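Structure, as structure tokens:
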Amino acid sequence: MVGPGTGIAPFRAFLEERQATGATGQNWLFFGNPYRATDFLYEEELATMQEKGTLNKLSLAFSRDQKEKLYVQHLMLQEGAELWKWLEEGAHFCVCGDASRMAKDVDAALHQVIQDHGGKSEEEAIEYVKQLKKDKRYARDVY
């Protein structure tokens with residue numbers, strides 16, 4: 001799940017539902033916002049979900065907390081080997097939030113991860129993503 005800013009809202013609900021129903025399977029959230037101190041939405045809830053095992057991995061990008069900006073797509077690239085492994089094991093990839101820039105950057109990072117860690121050409125990465133969409137494993141709620 002990639003949900004920077006208010007894009008976290010549907011993923012929070014998704015995780016709550018999984019927690020309430022006792023659903024199994026791993027969950028990984030990439031979340032980002034400008035400042036950790038003021039913009040870490042639902043920090044306590046996410047920490048509790050991690051403690052309970054509902055949220056298995058939380059990757060955080062606070063873009064203005066350091067000199068060089070850090071966004072969720074940068075984390076995807078940094079953690080690309082593991083992201084690729086999750087995809088190959090059947091993970092679904094969902095993005096929610098800003099359509100004008102973030103969603104495009106996340107999509108580009110996804111293609112790059114597939115190329116770098118899946119050993120795919122650019123064309124093969126495009127086909128891989130098309131197949132994810134066809135299999136309903138790649139969802140975008142962008143606005």
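The values are calculated or read from the model by the stated rules, or taken from the named source; none is laboratory data. Keep in mind it's a predicted model, so treat the numbers as computed, not measured. Neighbour counts run over all protein chains shown; Cβ positions are idealised from the backbone, glycine included. With ligands, DNA and RNA removed, areas are computed over all heavy atoms of the protein, side chains included. Shrake-Rupley method; radii C 1.70, N 1.55, O 1.52, S 1.80 Å.
Can you give the Rg and Dmax of region 17-116 based on its C-alpha atoms, in angstrom?
Answer for region 17-116, Rg first and Dmax second: 14.1, 42 Å.
Treating only the Cβ atoms of Lys and Arg (+1) and Asp and Glu (-1) as charged, compute the dipole magnitude of the chain about its Cα centre; round to the nearest 20 debye.
Once rounded to the nearest 20, the dipole reads 200 debye.
Would you calculate a helix-derived [θ] at 222 nm for the chain, using -39,500 (n - 2.57) for each DSSP H run of n ≥ 4 and dividing by the full residue count, to the nearest 500? Display every interim value, and only then the final one.
Values: 7 runs with 73 residues, N = 143.
Calculated mean residue ellipticity at 222 nm is -15000 deg cm²/dmol.
With every protein chain kept in place and ligands, DNA and RNA left out, what is the accessible area per residue of the chain? Probe 1.4 Å, answer in Å².
On the way: 8000 Å² over 143 residues.
Spelled out: the 1.4 Å probe surface of the chain, per residue, equals 56 Å².
Please work out how much accessible surface Arg137 shows to a 1.4 Å probe, ignoring ligands, DNA and RNA, in Å² rounded to 10.
Looks like 40 Å² after rounding.
What's the extension gain from Tyr143 to Glu124 if we count 0.36 nm per residue and subtract their Cα-Cα distance?
4.1 nm
Starting from region 3-95, pick out the chymotrypsin sites (Phe, Trp or Tyr not before Pro) whose DSSP state is loop and whose Cβ has at most 14 other Cβ atoms within 10 Å.
Numbers: sites: Phe11, Phe14, Trp28, Phe30, Phe31, Tyr35, Phe40, Tyr42, Phe62, Tyr71, Trp84, Trp86, Phe93; in loops: Tyr35, Phe40, Tyr42, Tyr71.
The qualifying sites are Tyr35.
As a test, work out the antiparallel percent of DSSP beta bridges whose residues both lie in the chain, rounded to the nearest 5. Please list the in-between numbers first.
Values: 0 of 13 bridges.
Taking every DSSP beta bridge within the chain, about 0 percent pair in antiparallel fashion.
Take the chain, connect every pair of alpha-carbon atoms lying under 10 Å apart with a spring to form a Gaussian network, then pick out the residue of Gly119, Gly80, Gly97 with the largest mean-square fluctuation.
Gly119
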